[in-house]
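As structure tokens, the structure follows; a few thoughts come after it.
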Amino acid sequence: MKKTPEFLSYNHPIVQLANQAILDITGGVPIEQILPDSAFIELGRPTMLYSISVELKEIIESLSSSFRPENAGLCLGTRRKTRFDLSLESLPIINYYTRRFIVVDKKGEQEFLYGHNLEKKRIIKEFNVIKHSRCIVRNVNGEAIGIGILENSSESSQLRNIQDLGYYLRKENMGLRKMKD
Amino acid sequence: MVNLLEKAQKLGYRLKLVERWISFWGEEFTEALLKANEQGVTRAIRVNTLRTSNTTLREQLEKKEFYLEKSKFVPNGLLIYNEPLPLGATTEYLLGYYTIQGIASQLPALVLEPHQHEKVLDMTAAPGGKATQIAAIMKNRGILICLDWSPRRLRALQFNMGRLNVQNQVILRMDAKKVEQIGIKFDKILLDAPCTGSGIIYKDFSRKKSRSEQDIQQMSKIQKILLRGGLNVLKKGGRLVYSTCSLEPEENEEVIAAVYSQGEVRMEKLDLGGTPGLINYKDKELDEKISYCQRFFPHTTKTEGFFICSLRKV
């Protein structure tokens, strides 16, 4: 028998961990502002935190306990021991609100999407970025392409790639392609 | 006929399959179908309106020297005539601005016409082309429940839901044949049924030979069970759209006829630019209303071979 998922509110410690990650990356925008009127649940393996609407919460509650969803609403990310890793899916909405980001040039965009770190010269602009903290990485169109950390290496500063949208492609190439729809 | 069968054999077809087609549609039609299967159909994408607009995406892709043309069948379908980069590797693809989806495959969600306040079920949702389109039409409101059984296909579904920004979804791992166990009644249901896939031979030549008459009959049985299950969880007055990428009437019109004859559904007449459902073939004569379905063929509509039917529960 599968267990019915537990619904979490904004003040639940796991949601607060996610909130801290969002506060850090946005420069102070709280989860309630980005995702108002939401409930939260943890689903799947590895366990991910999802933000769901009131309607989705009600429908999940109405399911018999033998049906535990695989996925629901918006995937916010994964809880680690002491921190929360935001998902790629959450990037567009966080990008909309963030006050802290880096803009990279065309070449930088391509390299970043290949999963590479970037040299400082690929950075066009920095907005409220704090060294050694996570921030949104944008292309010249203002689209979020990933998350990076600006740091100093021994020779020069660089933008370390934490995660990028190219992961979708790398994941597809691991066997999700060629599926009939 | 001998000439055509010889040609079909050279092309690697199971002859029984081509003989069937000749008996349904005649030699000239079948020959054109075989030719179109060799030539293929133009690749297409669907603009994901949850992430961008038709105009913005066109501009972005045209800057990268893609040559695109709007489809005459669907509002957000673009035909790709020049592809300087692989379609699945552009930044716009990664940003979820579009998904690679055949034009005929974009029709079922449009026929379903889901509304923002409705409960919608996609019975066989993975890998998610049609489910993500339903979510886009619903503007991420209401409820979209997606079912699939295979863990591999579910991973693909989750991946596409995330990339394309679908947020009104609940994915359940379950065999759609047991759909009644969910205990929910739906306003709209899409059943894009598993099939022998004879409509997509142009992109998978193995299907010229890999499916036998027995497979068609077996698939037809499964499709009837799925359709029956779907109707059982559909609200009165609700709509169920049935589709396949098979050309075989046993998987299409015959499946519809089996439920239509029970008087529980009304056929909705479709006019999508395809051809009417087949009602006279072999020694069979189906109800005239079954012709309200629509068929698409690679040589007539330059799309994947496809079948669509819309049923309203009375």
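Being part of a strand (DSSP E or B), β-branched (Val, Ile, Thr), in contact with a Phe, Trp or Tyr (Cβ under 8 Å, 6 or more places away or on another chain) and within 14 Å of another protein chain (Cβ to nearest Cβ): is that true of B:ILE45 here? Break it down stepwise before answering.
Details: part of a strand (DSSP E or B): yes; β-branched (Val, Ile, Thr): yes; in contact with a Phe, Trp or Tyr (Cβ under 8 Å, 6 or more places away or on another chain): yes; within 14 Å of another protein chain (Cβ to nearest Cβ): yes.
Taking the combined requirement at face value, the residue satisfies it.
Of all residues in the stretch B:163-189, which are free of Cβ contacts under 8 Å to residues at least 60 places away in the same chain, more than 9 Å from chain A (Cβ to nearest Cβ) and not acidic (Asp, Glu)?
Result: B:ALA176, B:LYS177, B:LYS178, B:VAL179.
Yes or no: the stretch B:171-188 includes at least one residue that is crowded, with 21+ Cβ neighbours inside 10 Å, at pLDDT 95 or above, more than 22 Å from A:LEU169 (Cβ to Cβ) and touching a Ser or Thr at 6+ places or on another chain (Cβ under 6 Å).
Within the stretch B:171-188, one or more residues are crowded, with 21+ Cβ neighbours inside 10 Å, at pLDDT 95 or above, more than 22 Å from A:LEU169 (Cβ to Cβ) and touching a Ser or Thr at 6+ places or on another chain (Cβ under 6 Å).
Please work out which one of (1) assigned to a helix (DSSP H, G or I); (2) touching a residue at least 12 places away in the same chain (Cβ under 8 Å); (3) charged (D, E, K, R); (4) surrounded by fewer than 24 Cβ atoms within 10 Å (Cβ to Cβ) is the condition B:ARG207 fails and give its number.
It fails just one condition, (2).
Out of the residues in the stretch A:42-58 that are within 11 Å of another protein chain (Cβ to nearest Cβ) and surrounded by 22 or more Cβ atoms within 10 Å (Cβ to Cβ), state the one that is farthest from B:LYS178 (Cα to Cα).
Residue satisfying both the conditions and the ranking: A:SER51.
Do we find a residue being under 20 Å from A:PRO69 (Cβ atoms), more than 11 Å from chain A (Cβ to nearest Cβ) and not hydrophobic (A, V, I, L, M, F, W, C) anywhere in the stretch B:211-229?
Going residue by residue through the stretch B:211-229, those that are under 20 Å from A:PRO69 (Cβ atoms) are B:229.
Retained after the next criterion (residues that are more than 11 Å from chain A (Cβ to nearest Cβ)): B:229.
Checking which are not hydrophobic (A, V, I, L, M, F, W, C) leaves us with B:229.
Taking every residue of the stretch B:211-229 in turn, at least one turns out to be under 20 Å from A:PRO69 (Cβ atoms), more than 11 Å from chain A (Cβ to nearest Cβ) and not hydrophobic (A, V, I, L, M, F, W, C).
With a cut-off of at least 3 residues that are aliphatic (A, V, I, L, M) and under 18 Å from A:PHE7 (Cβ atoms), name the helices (runs of 4 or more DSSP H) lying wholly within the stretch A:34-146.
On the way: elements: A:54-62, A:91-97, A:106-113.
Fully inside the stretch A:34-146 and qualifying: A:54-62.
Check whether at least one residue in the stretch B:1-19 is of a type in the set (Phe, Trp, Tyr), surrounded by 13 or more Cβ atoms within 10 Å (Cβ to Cβ), under 17 Å from B:THR303 (Cβ atoms) and under 24 Å from the mean Cα position of the chain (by Cα), and report yes or no.
At the first step, the residues of the stretch B:1-19 found to be of a type in the set (Phe, Trp, Tyr) are B:13.
If we keep only those that are surrounded by 13 or more Cβ atoms within 10 Å (Cβ to Cβ) too, we end up with B:13.
Restricting the remaining residues to those that are under 17 Å from B:THR303 (Cβ atoms) gives none.
No: the stretch B:1-19 contains no residue that is of a type in the set (Phe, Trp, Tyr), surrounded by 13 or more Cβ atoms within 10 Å (Cβ to Cβ), under 17 Å from B:THR303 (Cβ atoms) and under 24 Å from the mean Cα position of the chain (by Cα).
What's the number of the condition B:VAL241 fails, among (1) in a strand (DSSP E or B); (2) under 17 Å from the mean Cα position of the chain (by Cα); (3) surrounded by fewer than 21 Cβ atoms within 10 Å (Cβ to Cβ)?
Unmet condition: (3).
The values are calculated or read from the model by the stated rules, or taken from the named source; none is laboratory data. The shown structure was predicted, so the numbers you read here are calculated from the model rather than taken from an experiment. Positions of Cβ are generated from backbone atoms using ideal geometry, with glycine treated the same way; all protein chains shown enter the neighbour counts.
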